[in-house]
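The values are calculated or read from the model by the stated rules, or taken from the named source; none is laboratory data. Small disclaimer: the values here were computed from a predicted structure and weren't measured. With ideal geometry, Cβ positions are generated from the backbone for all residues, glycine too; neighbour counts draw on all protein chains shown. These accessible areas exclude ligands, DNA and RNA; they are computed on the full protein's heavy atoms, side chains included. Shrake-Rupley method; radii C 1.70, N 1.55, O 1.52, S 1.80 Å.
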Amino acid sequence: MNKRHWMRWLVSSSDNLKSKACPFDKLRAGSEPRRRIENLKLVGIFAIALTFAFGGAVATAQQSGKIFRIGFLDASTASGMAVLVEAFRQELRKLGWVEGKNITIEYRFAEGKSERRPELAADLVRLKVDLIVVTTGPSALVAKGATTTIPIVMAASADPVAAGVVASLARPGGNVTGNSSLAPELTSKRLEVLKDAIPKLARVGFLRGAGASDLQLKELRPAAVALKLKLEEIDAQLDPKGLESAFQTAKQKQVGAIMTQAGPGFFTEKKRIVELAGKYRLPAIYPQKEFVDEGGLMSYGADYDDLYRRAAVYVDKILKGAKPADLPVQQATKFEFVINLKAAKQIGLTLSPEFLSRANKVIK
């Protein structure tokens, strides 16, 4: 209710009080003037109280009208991360945070040059952003190195405890919290799925980028031994020429299938990777369903759309006053197994009905 409406209400209330007849009027007709004066005094006191309340409401509204500035730090590219960034933005809008109205987002993408992240994080700190969203554990470490006071929210860190980003999941401490994608554990699970899809599989190529996650390889290597698979670790530069070279190496090493490291770098190049897997007729399993959306064979992993939406929930809580140290890190809870039969047919791969029945979604 605005100020004009308050005044109208007060006037109408005053008139109503004046017009109401007291049950004792007939006995004490001479008390009418006094009674009206007393009623008007009551209205005046009430008006003063409402004025203070209205003034407080205005002050609160002015405070809540602040436009918060959010930093967004990622090592890859804006175009490559667009689908996940949009999931994050949509959830923010659902929570009442609209860009240009009560928030602004300062995006910083390293364009595949991880060494630029410290510079970009320092830039966000200089801008005095209210909060920084990071996409991975390594980016979280960089942001944490740039500030110990600005809250940091991880969208999908592989294992933030093992990486030294937080003290523990339940009590992160410091200025960092967010989501864990369980990438190391899911990497070894993807190897199992690949073996189930191709029972006679003997050799698997694992495409890894510069600074490959030791956490993922730490889980993957013993899993390969247990499954009696030869794991070929293939370094891949995340550009067209580098990826082509990586697939040529995979063919030379006579691998029967490939996997990719989980992370924004490979996610950004998903379309090209899927095209090369088809070109070299190599069965592949990917960490995210978006690879299958591009025509890939199959994916198994966390629902990253859900993780980025949950990152927005952390942002909402922190902007409303919560402290990162008091918000436990959440592990991924939604997982997806998607199979593309069109891709299987293109490379001449037959998948058993039993295997297909395990998928959450089968594209025919």
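Some observations on this one:
- Yes/no for residue 174 being surrounded by 22 or more Cβ atoms within 10 Å (Cβ to Cβ) and either among the acidic types (Asp, Glu) or on the phi > 0 side of the Ramachandran plot (or both): no
- Of the residues making up region 101-111, those that are under 20 Å from the mean Cα position of the chain (by Cα) and open to solvent by 60 Å² or more (accessible area, probe 1.4 Å) are 107, 111.
- Candidates 190, 272, 208, 203, filtered to the one that is surrounded by fewer than 21 Cβ atoms within 10 Å (Cβ to Cβ), within 31 Å of the chain's Cα centre (by Cα) and either of a type outside the set (Ser, Thr, Tyr) or more than 23 Å from residue 80 (Cβ to Cβ) (or both): 272
- Region 82-93 residues that are over 17 Å from residue 179 (Cα atoms), paired with ones that are in a helix (DSSP H, G or I) and open to solvent by 50 Å² or more (accessible area, probe 1.4 Å) (beta carbon under 9 Å, 6 or more apart): 83/293; 90/309
- Members of region 232-256 that are open to solvent by 50 Å² or more (accessible area, probe 1.4 Å), in a helix (DSSP H, G or I) and under 14 Å from residue 282 (Cα atoms): 248, 251, 252
- The set of residues in region 306-358 being among the small types (Gly, Ala, Ser) and open to solvent by 20 Å² or more (accessible area, probe 1.4 Å) consists of 321, 322, 325, 348, 352, 357.
- Unique match (being in contact with a strand residue (DSSP E or B) (Cβ under 9 Å, 6 or more places away or on another chain) and farther than 30 Å from residue 313 by Cα) among 262, 183, 236, 226: 236
- Condition met for residue 229 (without any contact (Cβ under 8 Å) to a residue 60 or more places away in the chain and either buried (at least 17 other Cβ atoms within 10 Å of the Cβ) or β-branched (Val, Ile, Thr) (or both)): yes
- Within region 163-177, residues that are free of Cβ contacts under 8 Å to residues at least 40 places away in the same chain and part of a loop (DSSP other than H, G, I, E, B) sit with their Cβ atoms under 8 Å from residues that are of a type in the set (S, T, N, Q) and open to solvent by less than 10 Å² (accessible area, probe 1.4 Å), at 6+ positions apart or across chains, in these pairs: 165/157.
- Selection count where residues are part of a loop (DSSP other than H, G, I, E, B) and among the hydrophobic types (A, V, I, L, M, F, W, C), scope region 90-127: 5
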